[in-house]
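Before any comments, here is the structure.
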Amino acid sequence: FSDIDKVEVLKNKLVLQESPNVIECFDISHLSGSSTVGSMVQFRTGKPDKNNYRRFRVRTINGIDDTAAIAEIVRRRYYRLKIEDSPLPDLIIIDGGRGQLNYAMQEISKLDLKIPIISIAKQFEEIYIPGRMLPLRLQKKDKALRFIQEIRDEAHRFAIKYNRLLRKKEMLK
C-alpha cells in the first residue's frame with residue numbers, strides 16, 4: 001500500500017475534487033488546562049514532511065477550551081499563509097469532534113479561504129465532514145481511516161512532545 005495509493009484512497013473516500021497531496025493536521029495538548037500548546041504536522045504525498053511541522057503556544061485561551069485553542073492556531077496558521085501568499089494545503093484534518101471542526105471552519109471562512117476540512121474524534125474514530133449530518137464511520141481496517149489515524153497520531157505525538165518540553169522548562173525556572 002504505497003503513499004500515493006493512500007492519498008488516492010483518501011480522495012475517493014472523502015469525495016474530494018483534488019488529490020490531497022498536502023495535508024495539514026492540528027492537535028491541542030495541555031496538562032489540566034496549563035501549558036496549552038498546539039501542533040500542526042504536514043504530510044506531503046502520503047509521508048510526514050517534518051520540515052513543515054509547526055508548534056504553537058496557545059496565547060488567548062486560559063483553562064481547558066480545546067475548541068477555542070484549535071480556532072486560535074488555525075487562524076494564526078492560515079492568516080500567515082494568506083498574507084505571505086504561500087501555498088495552502090489540499091486538506092486540513094482537525095483532531096477532535098464536530099465542535100473543533102466548526103470552530104476551525106469559522107476561522108477558515110473568516111479568512112475567505114476555501115480548503116477542504118474534516119475532523120476525527122478519538123473515542124469512536126468518527127470522521128466529521130462539513131455539510132454531513134452524521135459522522136462517517138469507516139471499518140477499522142479501512143485504508144482511508146488508517147491514513148487519517150496515522151496523520152492524527154503524528155500530530156498528537158508532536159503536540160505532546162512540545163507540551164512536555166514547555167513543562168520541563170517551567171520546572172527548571
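For the listed peptides 163-171, 53-61, a ranking on the average number of other beta carbons within 10 Å per residue, highest first, reads 53-61, 163-171.
Residues in segment 13-109 average 48 Å² of solvent-accessible surface per residue, probe 1.4 Å, ligands and nucleic acids excluded. Note on segment 1-43: Cα-Cα pairs beyond 14 Å make up 60% of the total pair count.
Please find the FRET efficiency linking I115 to E170, where r is the Cβ-Cβ separation and R0 is fixed at 35 Å, and quote it to the nearest 0.05. Using R0 = 35 Å, I get an efficiency of 0.50. If the segment from S19 to T45 were pulled out straight at 0.36 nm per residue, it would be longer than the present Cα-Cα gap by 8.4 nm. Counting only DSSP H runs of at least 4 residues, each contributing -39500 (n - 2.57), and dividing by the residue count of the chain, the helix-based mean residue ellipticity at 222 nm comes to -14500 deg cm²/dmol. Every Cα-Cα pair of the chain was included, and the share exceeding 30 Å stands at 13 percent. For segment 1-80, run through the GluC sites (Glu not before Pro) and keep only the ones in DSSP coil with at most 14 other Cβ atoms within 10 Å of their Cβ. Within segment 1-80, the qualifying GluC sites (Glu not before Pro) (loop, at most 14 other Cβ atoms within 10 Å) are E18.
The values are calculated or read from the model by the stated rules, or taken from the named source; none is laboratory data. Source: prediction; values computed, not measured. Note that each Cβ is placed from the backbone with ideal geometry, even for glycine, and that neighbours are counted across all protein chains shown. Accessible surface areas use protein heavy atoms only, side chains included; no ligands, DNA or RNA. Shrake-Rupley method; radii C 1.70, N 1.55, O 1.52, S 1.80 Å.
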